[in-house]
Amino acid sequence: MHLKAALVALLLAGCGGSTGEEAELLPDLVQAPPRALEVYRAGGAWRLAFLSAVENEGRGPVLLFGSRPDQGTPAMTVGQIVRRTNGTTWTYPVDGEIRFVRSQTHRHWHFLDFERYDILTSDGEAVGHDQKTGFCLGDRYNASRSAQLPGEPGQAVWTQECGRGQPERLIVREGISPGFGDDYVPRLEGQSIAITGLPAGRYVLRHRVNVERVLRESDYRDNDAEVPFELSWSASGTPTVVAVYEG
């Protein structure tokens with residue numbers, strides 16, 4: 001707790017913090033509906049894979065600053081830097097952490113628990129959950145090609161890879177600019193849910209961002225998105241999944 005308090009005090013001192021009436025340029029994280037559903041077999045189990053994406057439709061970026069005092073501390077504490085209309089910034093402590101993740105396709109610093117994935121029955125019971133370790137936030141694609149959002153930069157800003165291959169880092173920054181999105185393709189580590197043993201029928205795949213509202217946003221009403229799908233099994237035990245896009 002003392003470490004987090006010290007980090008926040010340092011950030012506030014260096015960011016020109018203000019407690020005046022200037023408006024905050026908050027991000028608005030919008031969860032895109034799950035897409036590209038497919039099934040595959042891994043480790044003796046069948047899994048449902050999917051693409052996930054989160055876009056920022058707010059007036060300011062979601063900007064995270066992580067730091068740790070030394071290499072012996074495995075997790076970084078996190079601050080969210082919020083820009084204000086008068087050009088100053090204010091940093092809020094985030095109830096979360098950034099850790100270095102080692103896996104087949106990931107070797108960089110991840111902000112944990114940014115998104116969650118669930119499979120629900122038709123009556124809302126959760127019967128499957130993700131196992132994703134976290135996210136490296138970035139401007140991966142332009143989400144507003146037909147219109148320029150207020151505060152949207154002319155080109156991607158956050159194109160870094162969150163300290164890829166640098167587990168010794170003590171500081172890392174990551175974010176998503178207004179008008180940009182961050183997406184993850186199917187079968188990437190964490191982009192799937194086990195479905196072995198799940199009975200045939202209709203289910204809902206739900207994606208949610210910032211579930212615990214640890215990040216400040218201008219609007220939390222667009223943080224959930226879902227798509228229904230039909231699951232069936234062949235006589236040989238092979239599953240088939242068909243997304244049901246209604247309306």
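Observations on the structure shown:
- Segments classed as strands (runs of 3 or more DSSP E), wholly inside region 1-96, with at least 3 members that are over 30 Å from Leu205 (Cα atoms) and modelled with pLDDT of 95 or more: 62-67, 75-84
- Within region 135-143, not a single residue is surrounded by 15 or more Cβ atoms within 10 Å (Cβ to Cβ) and among the hydroxyl-bearing types (Ser, Thr, Tyr).
- For Thr91: the one exception among (1) without any contact (Cβ under 8 Å) to a residue 60 or more places away in the chain; (2) in contact with a helix residue (DSSP H, G or I) (Cβ under 6 Å, 6 or more places away or on another chain); (3) polar (S, T, N, Q): (1)
- Against the conditions (1) closer than 21 Å to Val78 by Cβ; (2) crowded, with 18+ Cβ neighbours inside 10 Å, Arg206 satisfies every one except (1).
- Across region 204-247, the number of residues qualifying as over 22 Å from Gly44 (Cβ atoms) and not in a loop (DSSP other than H, G, I, E, B) comes to 15.
- Evaluation of Gly201 against (1) over 29 Å from Arg107 (Cα atoms); (2) surrounded by fewer than 12 Cβ atoms within 10 Å (Cβ to Cβ); (3) out of contact with any Leu (no Cβ under 8 Å at 6 or more places or on another chain) (one fails), failing number: (3)
The values are calculated or read from the model by the stated rules, or taken from the named source; none is laboratory data. As the structure is a computational prediction, the values presented were derived from the model and not from experiment. Cβ sites come from the backbone with ideal geometry, for glycine too, and all protein chains shown count toward neighbours.
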